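Inspection log for the structure reproduced underneath, given as structure tokens.
The values are calculated or read from the model by the stated rules, or taken from the named source; none is laboratory data. This is a predicted model, so every value here is computed, not measured. So basically every Cβ, Gly included, is an ideal-geometry build from the backbone, and we count neighbours across all protein chains shown. These area figures cover heavy atoms from the full protein model, side chains too; ligands, DNA and RNA do not enter into them. Shrake-Rupley method; radii C 1.70, N 1.55, O 1.52, S 1.80 Å.
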Amino acid sequence: MTSYGVLGVGSIATAIVTGLCDGAAEPPSTMLSPRNAERAAELAARFPSVRVATDNQQVVDRSDVVVVCLLPSHAAEVLAGLQFRADHAVVSAIAGFPVGQLAGLVAPATDIARSIPLPAVATRGSLTPVHPATPAATGLYDRLGGSMEIDDELAFESVSAASGTVAAYFRYLGTIAGWLSGRGVPSAAARRYVADTFAALSGELESPGADFAALAQAHTTPGGLNEQFARHLEAARTYDAVQTGLDAVLARITRR
């Protein structure tokens, strides 16, 4: 069975390890880097197949597939100090690090892929974009809900930019809940109402061919409240701002 080594044990790495091990019939052997000692120790205590290495080099030495979950600001320095084998497979979750740049840091390993895992991999509940679709990358993420294979690197970077919209989504929901609280609805009840409203809509997105325009139309009554609110956002050029914001994030990623 493939053994995994994880460099960097932040929230995404934690989600990956949880998805690999929690309730799995045959969880793989997984070695964690020791830098985030408390979180790594918690995962090792929770899952018998998980161990904490003495240093990052041991993570690399004891694994077939090295999963890189380092912060972009630290990645080059950490990877440059490690010795990889030619038979290693590397799967990176570092934003803004193209395959060519990774290749220079993990040589002589040449089996290199990038990925954009989301927290939902912890419950094996989301597809993960991968580029290129190497067997190591698809083998990992098929265990975690499935792989979304992307051939073109610019298209992959665009998906990475789109993943940066999550905080704005939660702020949008928080704004609605805050508006309700300001008009007499108790804060806890307002948050619960907004959360339940949008959680109930998630079932409409389960179809692989979900048509967002059709869903918007289905929730729009001519002359109704949804139509009024959507038109207000359109007049304020909110949707244009989403596109220009994504353009700016993509430009930042591709400038690295």
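Accessible area of the chain with a 1.4 Å probe: how many percent of it is carbon plus sulfur? Kindly include the intermediate steps, with their values, before the conclusion.
On the way: 8080 of 14200 Å².
That fraction is 57 percent.
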Just to verify a number: FRET efficiency for Leu173 and Glu26, C-beta to C-beta distance, R0 = 45 Å, to 0.05?
0.70
Read-out P(r) over Cα pairs in 10 Å bins from 0, in percent, derived from the coordinates shown; its label in (i) 7, 25, 30, 21, 13, 4, 0; (ii) 8, 31, 36, 20, 5, 0; (iii) 7, 26, 23, 16, 15, 10, 3, 0
(i)
Please give the solvent-accessible surface of Thr54 in Å², to the nearest 10, using a probe radius of 1.4 Å with every protein chain present.
110
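For the stretch 62-175, what class follows from the C-alpha gyration tensor (a ≥ b ≥ c being the square roots of its eigenvalues): rounded when a/c is under 1.5, otherwise prolate if a/b is larger than b/c, else oblate?
Taking the square roots of the gyration eigenvalues as a ≥ b ≥ c, the stretch 62-175 is prolate.
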Based solely on its DSSP helices, what 222 nm [θ] is calculated for the chain when runs of n ≥ 4 H residues each add -39,500 (n - 2.57) and the sum is averaged over all residues, nearest 500 deg cm²/dmol?
-15000 deg cm²/dmol
So for the pair Phe212, Ala120, with labels modelled 7 Å out along Cα→Cβ, what separation do we get in nm?
1.4
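Can you bin the stretch 150-211 into rounded, prolate or oblate? Criterion: square roots of the alpha carbon gyration tensor eigenvalues sorted a ≥ b ≥ c, rounded for a/c under 1.5, prolate for a/b above b/c, oblate for the rest.
Numbers: a/c = 5.05, a/b = 2.03, b/c = 2.49.
The shape class here is oblate.
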Full-stretch length increase - Leu201, Leu246 - with 0.36 nm per residue and alpha-carbon distance subtracted
13.8 nm
Where a ≥ b ≥ c are the square roots of the eigenvalues of the C-alpha gyration tensor, would you call the stretch 84-125 rounded, which needs a/c under 1.5, or, failing that, prolate if a/b is larger than b/c, or oblate?
oblate
DSSP beta bridges in the chain [antiparallel fraction, %, rounded to 5]
10
